[in-house]
1. What net charge is computed for the residues neighbouring B:Glu78, neighbours being all others with C-beta under 11 Å from the C-beta of B:Glu78, Lys and Arg scored +1, Asp and Glu -1?
2. Classify segment A:126-196 as rounded, prolate or oblate, taking a ≥ b ≥ c as the square roots of the eigenvalues of its Cα gyration tensor: rounded when a/c is under 1.5, otherwise prolate if a/b is larger than b/c and oblate if not.
3. Could you pull the Cα extents of segment C:53-125 along its three principal axes, largest to smallest, in whole Å?
4. Within 10 Å of each candidate Cβ there may be at most 15 other Cβ atoms; applying that plus a DSSP loop requirement, which trypsin sites (Lys or Arg not before Pro) in segment A:48-101 survive?
5. Which residue fluctuates the most in chain A, going by a Gaussian network model with Cα springs under 10 Å, if the choices are A:Gly16, A:Gly278, A:Gly303?
6. Using every pair of alpha-carbon atoms in chain C, split the distances into 10 Å bins beginning at 0 and state the percent of pairs per bin, rounded to integers.
7. Translational D (Stokes-Einstein, µm²/s) of segment A:209-254 at 25 °C and 0.890 mPa s when Rh comes from the Kirkwood sum over C-alpha pairs?
8. From other protein chains only, count the Cβ atoms within 10 Å of every residue's Cβ in C:269-279, then give the mean.
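Just so it is clear, none of the values below were taken in a lab; they were calculated from the coordinates. Source: prediction; values computed, not measured. Here the Cβ positions follow ideal geometry from the backbone for every residue, glycine too, while neighbour counts run over all protein chains shown.
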Amino acid sequence: MYLCVLENYNDMDKTGTAGNRGPDIRSDVWVEVSPVLSGGIQISIKSKVKALYGRQIRELAEAVLRFFELENAHVFIEDAGAVDFVLAARLEAAIKQVVQTDKEFLLPLLEENKTTIRKDAFRFSRLYLPGNSPKLMINAGVHKPNGLILDLEDAVAPAKKFEARFLVRNALRNLRFYGAERMVRINQGARGLEDLEFVIPHFANLILIPKCEEAEDVLRVTEKTKQLLTQNKLDNPVWFMPIIESAKGVMNTYQIACADPHVAAMAIGLEDYTADMGTSRTNEGTESFFARSMVVNAARAAGIQPIDSVFSDVSDMVALAKNVKRSKALGFDGMGCIHPRQIKVVHENFAPDAAEIEKAKRIFLAFKEAEAKGLGVVSLGSKMIDPPVVKRAITTIELAVNTGKLNVNWMES
Amino acid sequence: MYLCVLENYNDMDKTGTAGNRGPDIRSDVWVEVSPVLSGGIQISIKSKVKALYGRQIRELAEAVLRFFELENAHVFIEDAGAVDFVLAARLEAAIKQVVQTDKEFLLPLLEENKTTIRKDAFRFSRLYLPGNSPKLMINAGVHKPNGLILDLEDAVAPAKKFEARFLVRNALRNLRFYGAERMVRINQGARGLEDLEFVIPHFANLILIPKCEEAEDVLRVTEKTKQLLTQNKLDNPVWFMPIIESAKGVMNTYQIACADPHVAAMAIGLEDYTADMGTSRTNEGTESFFARSMVVNAARAAGIQPIDSVFSDVSDMVALAKNVKRSKALGFDGMGCIHPRQIKVVHENFAPDAAEIEKAKRIFLAFKEAEAKGLGVVSLGSKMIDPPVVKRAITTIELAVNTGKLNVNWMES
Amino acid sequence: MYLCVLENYNDMDKTGTAGNRGPDIRSDVWVEVSPVLSGGIQISIKSKVKALYGRQIRELAEAVLRFFELENAHVFIEDAGAVDFVLAARLEAAIKQVVQTDKEFLLPLLEENKTTIRKDAFRFSRLYLPGNSPKLMINAGVHKPNGLILDLEDAVAPAKKFEARFLVRNALRNLRFYGAERMVRINQGARGLEDLEFVIPHFANLILIPKCEEAEDVLRVTEKTKQLLTQNKLDNPVWFMPIIESAKGVMNTYQIACADPHVAAMAIGLEDYTADMGTSRTNEGTESFFARSMVVNAARAAGIQPIDSVFSDVSDMVALAKNVKRSKALGFDGMGCIHPRQIKVVHENFAPDAAEIEKAKRIFLAFKEAEAKGLGVVSLGSKMIDPPVVKRAITTIELAVNTGKLNVNWMES
């Protein structure tokens, strides 16, 4: 039995570590796990709230260690107010550096984190959350973005990629999203395909695929996703949002947008795109006008949502508003946010304005009238209204109602 | 014999109607045809000009009824100054709602309505005429647009699509076009293919194909056209102008432009395009710059004419002129008109200016010199002039002569 | 023997001529060669420097005539200060009009004209030199353009195409380039493929392919080039720069850029492009914005350099500087020059500015640090730096050092 356990150890002298510590760290925890040959489990805890939570921390730690059959180890926990799913993620990440196992320690899934989202859900805003920073995750949903992105890619330093996966997995299960779409940005290439194993079985709504350059980049991700859904006996829809971030991606936008019927939106990432082009990003955006036009056209041609790049100056709300208006005028349906305070400005400026609502109401009423009369076609004056225009009008009405710009009972008044 | 006639009736109780009536209606007629079991033909006519034309109306009506072998019917005709081909179209449309027949009542073809047009004819302006409004048709040609479009699509309400076909067919045969190219805009899809049966046998010069999204949309129309020409033993050229009105169409411009050698021009329709993109049309046109650029480039690459969208504010001639200059600067060869007063402004601003004429003359003279010397190549100074540049210069000279900006004998002076 | 020689003559009555003469001609020579039946070689020389160089001219002329086995001829040489390789080229061109031979009279190759250039060499500037004007060639290199283009295409009149080939061939071997990349612009089509026989065996670094419209236009040139390299037992790299000069070329930019791994750059030629589009070139460039965007994107997507059109107003340096800044902002890596005085302005404005250098230094240092630590990935803060961004930073550093904007030892300070 002793020998048997020993075989599981990767390295008896190694210490597994995970999490963050330091003066600026909150809602997180630093964990060190050192397997030893004998002496049982020795846990030492450092926490400002030790008096209050020390016992709870110890009990969860013991449960996790027991789960992974670790019988002799020195464990050091420096807590900065981590909630259970964070502590569990850190312990698992630390343990898996020193123990080889396929088991996963999962807390009970929040029932509300199983909700599905429809393909054409509103995606005005999506807030990027670094995948290894619990502090930013905890209350992100209260700012009411349409989507919350747990980011495993650029916002996670290479050395932290491993532990971030456990945190993101646990967040998908146990973080409160307040109705926001549960999104994950995976890494590029092979690492991204591995990332999927940590997110697909846990009801992620949408996967952002970074630096897409051709349809195959999407297909590798959608195929792996389908496999994982089947293996886990799940049938919830998972949507995909490829991000175009290079000249090559721009040349292949249409093929990428059409790659799989589960692609729901296509975004552009201008920081990397302009680097690839050898240009610099400006507020006027002349250098990316062609690329953004390609993304909007290709997305619309494929019947999916075109989504604009983030705006990096988080302190200038006037410039942001101007940028959103320009995005909307070009045809974008939404954009990324890197700070919660951007969300409100993004929503206000993407929302339909009075003229748009008025026009949509006229088309919607004509549509309802045609429906009532049993007519196959909708017309406004002498002009036939095509189905996509009707669909867009319905979307506008819904947006207007959702953003409080139109009373839900407007037809009755 | 009686029974035999009866079998042709779709519905003995039904009344066939066609045409328009009301205070604003001119040059049109309202017709009601109700088959009855016996009693012969009863025609009642209401017309301000009944004293003058009553007999002529009655004679034509009787001829049409006889032609369709309708022996017992009540017929009501409310005339507002319709010419013969309009009255005949209305009667035929009404009759064919109650009588099943493959026969067509055709007045003798105007000899001048058999003229053909060359593929690269000037197409600065084309005036849209609602396909069911005789009032707008009658004198449209005197405004001298390069083309007159009998529109069966958006300008005809769904309920009027059926009768419009007869009016458009008769107009192709008997309306005076004053030298304008005889164009027809058919409907989308299967209805558009049926429309062709009413226009191809009657010497239409050019067919506008709305909402083209891929090469196949063109090919279905060109194939059907070829069949109809063969069936009718005709060999006059029929040209096609696909209209790009969606994001998908924009992505496929080049394939659409190259779909068939009889595609002579490609137009863009910005009202529908911006609706499909989820944007609004502005005078600056930033939202459609990419799409218009695609259309111009694809058309030029395929060696056909790029044609711009209509300008919808029919009262602002200054804005129209500015818009035409912008179109021309981007490379467009013409645009649509929705009011006769737009034609002159469109012609004046698309016509070559003094500098363009001067340059074209230099190239043309170099070409003539090379031709005289038997040289295979044309050069201006040390620069070889490529054949497309020579061709363009010749076009410019022709345009300048045609628009009165250059004397036809300029080479002699 | 007599008969044998006679058979080689194309025409005993013909006089072969080559070169230029007249008041404005310098560094060139006019040559007339008339074969006769007997009487040996009669050379008459007209030169302002006859006293000084008359004997040298005569000796070279005799050597050339002897080489081509021309035993009886009247030769007239009107010299305006031609260097040896020019005189030899003119004599050979004149002789080959009257003698059929496959031999080539080659002066010893300058050793420095065998240097090779790497695919991604800096190509800020390339100076066009008319392929039949020795005067402009002789000191062109002292202006230090990145490349010198010996132009066989538009800058050579049709009647001079034949003799220009010999001059360009000899210039490749014997002109001093002062370190500039040795480029040749060949003609279009079949003539261009023949041009290659005069340049590929003589260590041309890069071939400009004019008016490319599809990948095949490139492949015909690269295939012929490979054949010629093999035939001549050469293995020096030859790069290609297709020039996009038509709407069709614009539609096929990406395929053209990817046609062959030896395509190192892609240029746009706006004079011909705007002619093909039926537009006029403006300083703002709205009419070519789409085309230039396509070229930059396609080139970057293929990993090659995008190169802008020449700027034709050689007297306006302020407008040129503005034009270069606009080019660079769009992502171009360089542009053509048609006057030596443009080179300095082009270099100064394409060179990286202080902010770009600062950013590149940060990325470069992060890259060096990652390399030193043996890390597989480079990161700056939490952001992973992709290999293309690192590569671009290295390029920027090199450019900064090369243009004197950064000390070569900057890392040590």
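1. +2
2. prolate
3. 52, 29, 20
4. Those satisfying the criteria are A:Lys48.
5. Looking only at A:Gly16, A:Gly278, A:Gly303, the largest GNM fluctuation is found for A:Gly278.
6. 5, 20, 27, 23, 14, 7, 3, 1, 0
7. Roughly 214 µm²/s, to the nearest whole number.
8. 5
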